[in-house]
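Trainee: Have a look at the structure that comes next, please.
The values are calculated or read from the model by the stated rules, or taken from the named source; none is laboratory data. Fair warning: this is a prediction, and the values are worked out from it, not measured in the lab. Positions of Cβ are backbone-derived with ideal geometry, glycine not excepted, and every protein chain shown enters the neighbour counts.
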Amino acid sequence: MLPLLPFDRTNIKPGDRLCAAVSGGADSVALLLTLHAANTTKRDGLGVGLSAVHVHHGLRGEEADADQHFVESLCARLDIPLHLHHASVPNRIAEARASGQPETIEEAARAIRYEYFTTLIAFGYADSVLTAHTLDDQAETVLMKLLRGAWTEGLSAIHPVVLVNNPNQRSGKILRPFLNTRRAEIEVFLQQADQPWRNDSTNTDTAFTRNKIRHELLPQLRALNPNLDQTLSNLAELAREEEARWQTELSRLLPQLLLPGKPVRGGGRAVSTAPGQSAVAIELDRLRTLDPALRRRVLRAAARQLGARLSFDETSRLLSLCGFLPNPTVAARTGSTLHLSNNLRAERSPRELRLFLQT
């Protein structure tokens, strides 16, 4: 009997309904085979209900059709129920562009997949959807995030567990049990099992950022550090732990620091209920008592409460508005305002920094 690939069973328990996302590529085929073998073994079997899901993105024409037929045949051979979903990435991209929120092909395809995964969980077809992201994927993602200037939460990259919360419907998880498994191990496993897989022709197109990192940048960096993939994966784990620690701290502090609306004469605060008038404020004296790292995180968390995300530069400009960082283009005085992205505005009063949405 062929040895099973190691996978993370931490969040899998007997009786769970697991649904493996299968594209037809090596990683996802190995995931399905491994879960099936682990579930059918007589000793220490998983004891779960296993199904699979395949998403046809409306791209790559006959090649994508062949991917679907391959997955259908594989699931039929293993006697595993299969959920098929047909969508159109081009249509989604056109709709997103028309709404003023453009998406790349990769972003649109990913959004379509995860929306369907969420639907499977919401309607009770699965407690968890499992994807076959590997340690190689993790390393590529960390490097891609780093190149794009991500904060700590971005460097945490691919999480092994993502909670899916569906209001008034079933909730569940997205699991990545192969995050400590190398792609090379997977291909050896499939070769030994005499199990073919499908190759997506677009995976060699270096016009896509991830492919350029995979095929050009990472090979050069591995010459400097042969263990680079593991190093980047370790960085993601550290970033996840750091971020979890910070979120616990922010959950404790934010209710004490953030004030709704703005102060009114005679005491109290005015909180507008008009659309587009959401606002929070922070006392400058309270900010002054915080260390620089916590100040940045408090400002970014305040913006998130209004549905906005701050870049590094915008956060620095806010700190300058408060008088904590020198910046010749930002006046740190009462009445000064900043226009930030996502319709976010900042205004300094004698005692407070106020953030509000202007629509």
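Trainee: Cβ-Cβ distance below 6 Å, separation of 6 or more or different chains: which pairs start in the stretch 1-23 with a residue that is assigned by TED's automatic domain parsing to the domain that holds residue 123 and among the aliphatic types (A, V, I, L, M) and end on one that is crowded, with 21+ Cβ neighbours inside 10 Å and part of a loop (DSSP other than H, G, I, E, B)?
Mentor: Within 6 Å, the pairs are 21/131.
Trainee: Modelled with pLDDT of 95 or more, surrounded by 15 or more Cβ atoms within 10 Å (Cβ to Cβ) and among the polar types (S, T, N, Q): is that true of residue 220 in this structure?
Mentor: Working: modelled with pLDDT of 95 or more: yes; surrounded by 15 or more Cβ atoms within 10 Å (Cβ to Cβ): no; among the polar types (S, T, N, Q): yes.
So residue 220 does not fit the description; no.
Trainee: Further, regarding this structure: What is the number of the single condition among (1) within 30 Å of residue 231 (Cβ to Cβ); (2) over 19 Å from the mean Cα position of the chain (by Cα); (3) assigned to a loop (DSSP other than H, G, I, E, B) that residue 158 does not meet?
Mentor: (2)
Trainee: Any idea how many residues of the stretch 16-30 are out of contact with any Lys or Arg (no Cβ under 6 Å at 6 or more places or on another chain) and either on the phi > 0 side of the Ramachandran plot or assigned to a helix (DSSP H, G or I) (or both)?
Mentor: Count: 5.
Trainee: Which members of the stretch 88-115 meet the condition of being under 19 Å from the mean Cα position of the chain (by Cα), in a loop (DSSP other than H, G, I, E, B) and over 14 Å from residue 59 (Cβ atoms)?
Mentor: 101, 102
Trainee: Please tell me if residue 305 is modelled with pLDDT under 90 and in contact with a strand residue (DSSP E or B) (Cβ under 7 Å, 6 or more places away or on another chain).
Mentor: no
For every residue, the table says whether it meets (1) part of a helix (DSSP H, G or I); (2) of a type in the set (Ser, Thr, Tyr); (3) in contact (Cβ under 8 Å) with a residue 24 or more places away in the chain; (4) in contact with a helix residue (DSSP H, G or I) (Cβ under 8 Å, 6 or more places away or on another chain).
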residue	(1), (2), (3), (4)
206	no, yes, no, yes
216	yes, no, no, no
236	yes, no, yes, yes
239	yes, no, yes, yes
242	yes, no, yes, yes
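Trainee: Condition first: under 24 Å from residue 213 (Cβ atoms) and in a loop (DSSP other than H, G, I, E, B). Can you find one or more residues in the stretch 134-144 that meet it? Quick ask: steps written out before the conclusion?
Mentor: Residues of the stretch 134-144 that are under 24 Å from residue 213 (Cβ atoms), as a first pass: 134-144.
Now restrict to residues that are in a loop (DSSP other than H, G, I, E, B): 134.
Within the stretch 134-144, one or more residues are under 24 Å from residue 213 (Cβ atoms) and in a loop (DSSP other than H, G, I, E, B).
Trainee: Checking the conditions here, which among 121, 105, 174 is at pLDDT below 95 and out of contact with any Ser or Thr (no Cβ under 6 Å at 6 or more places or on another chain)? Even if it seems obvious, please write down each step before you answer.
Mentor: Numbers: 121 fails: at pLDDT below 95; 174 fails: at pLDDT below 95.
Exactly one residue qualifies, and that residue is 105.
Trainee: Does any residue in the stretch 173-198 that is assigned by TED's automatic domain parsing to the domain that holds residue 129 and over 21 Å from residue 10 (Cβ atoms) come within less than 7 Å, Cβ to Cβ, of a residue that is polar (S, T, N, Q) and crowded, with 23+ Cβ neighbours inside 10 Å six or more places away or on a different chain, and which pairs are these?
Mentor: From residues that are assigned by TED's automatic domain parsing to the domain that holds residue 129 and over 21 Å from residue 10 (Cβ atoms), the pairs are 183/134.
Trainee: Which one is surrounded by the most Cβ atoms within 10 Å (Cβ to Cβ) among residues in the stretch 70-102 that are modelled with pLDDT of 95 or more and of a type in the set (D, E, K, R)?
Mentor: Checked the stretch 70-102; the qualifying residue surrounded by the most Cβ atoms within 10 Å (Cβ to Cβ) is 72.
Trainee: Okay, next question. Identify, from the list 46, 33, 50, the residue that is touching a residue at least 60 places away in the same chain (Cβ under 8 Å) and either surrounded by 16 or more Cβ atoms within 10 Å (Cβ to Cβ) or assigned to a loop (DSSP other than H, G, I, E, B) (or both). Quick ask: steps written out before the conclusion?
Mentor: Values: 46 fails: touching a residue at least 60 places away in the same chain (Cβ under 8 Å); 50 fails: touching a residue at least 60 places away in the same chain (Cβ under 8 Å).
Going through 46, 33, 50 in turn, the sole match is 33.
Trainee: OK, next. Suppose we keep only residues that are part of a loop (DSSP other than H, G, I, E, B), among the hydrophobic types (A, V, I, L, M, F, W, C) and in contact (Cβ under 8 Å) with a residue 12 or more places away in the chain within the stretch 309-350. Which one would you say is surrounded by the fewest Cβ atoms within 10 Å (Cβ to Cβ)? Break it down stepwise before answering.
Mentor: Going through the stretch 309-350, the residues part of a loop (DSSP other than H, G, I, E, B) turn out to be 309-311, 322-336, 340-343, 349-350.
Next, from what is left, pick out any that are among the hydrophobic types (A, V, I, L, M, F, W, C): 310, 322, 324-325, 330-332, 340.
Retained after the next criterion (residues that are in contact (Cβ under 8 Å) with a residue 12 or more places away in the chain): 310, 322, 324, 330, 332, 340.
Numbers: 310: 24, 322: 20, 324: 18, 330: 20, 332: 15, 340: 21.
Of everything passing the filter in the stretch 309-350, 332 is surrounded by the fewest Cβ atoms within 10 Å (Cβ to Cβ).
Trainee: Could you say which residue among 26, 66 is within 23 Å of the chain's Cα centre (by Cα), under 30 Å from residue 88 (Cβ atoms) and touching a residue at least 24 places away in the same chain (Cβ under 8 Å)? Give the steps one after another, and end with the answer.
Mentor: Values: 66 fails: within 23 Å of the chain's Cα centre (by Cα).
Exactly one of 26, 66 is within 23 Å of the chain's Cα centre (by Cα), under 30 Å from residue 88 (Cβ atoms) and touching a residue at least 24 places away in the same chain (Cβ under 8 Å), namely 26.
Trainee: I've got another one for you. Considering only the stretch 55-69, I want to know if a residue exists there that is of a type in the set (A, V, I, L, M, F, W, C), at pLDDT 95 or above, more than 29 Å from residue 206 (Cβ to Cβ) and in contact with a helix residue (DSSP H, G or I) (Cβ under 6 Å, 6 or more places away or on another chain).
Mentor: No, the conditions are met nowhere in the stretch 55-69.
Trainee: From 130, 146, grab the single residue that is surrounded by fewer than 22 Cβ atoms within 10 Å (Cβ to Cβ) and either out of contact with any Gly (no Cβ under 6 Å at 6 or more places or on another chain) or in contact (Cβ under 8 Å) with a residue 40 or more places away in the chain (or both).
Mentor: Details: 130 fails: surrounded by fewer than 22 Cβ atoms within 10 Å (Cβ to Cβ).
When all the criteria are applied, what remains is 146.
Trainee: Taking the condition of being among the aliphatic types (A, V, I, L, M), farther than 23 Å from residue 75 by Cα and touching a strand residue (DSSP E or B) at 6+ places or on another chain (Cβ under 7 Å), how many residues in the stretch 146-199 meet it?
Mentor: Within the stretch 146-199, residues that are among the aliphatic types (A, V, I, L, M), farther than 23 Å from residue 75 by Cα and touching a strand residue (DSSP E or B) at 6+ places or on another chain (Cβ under 7 Å) number 4.
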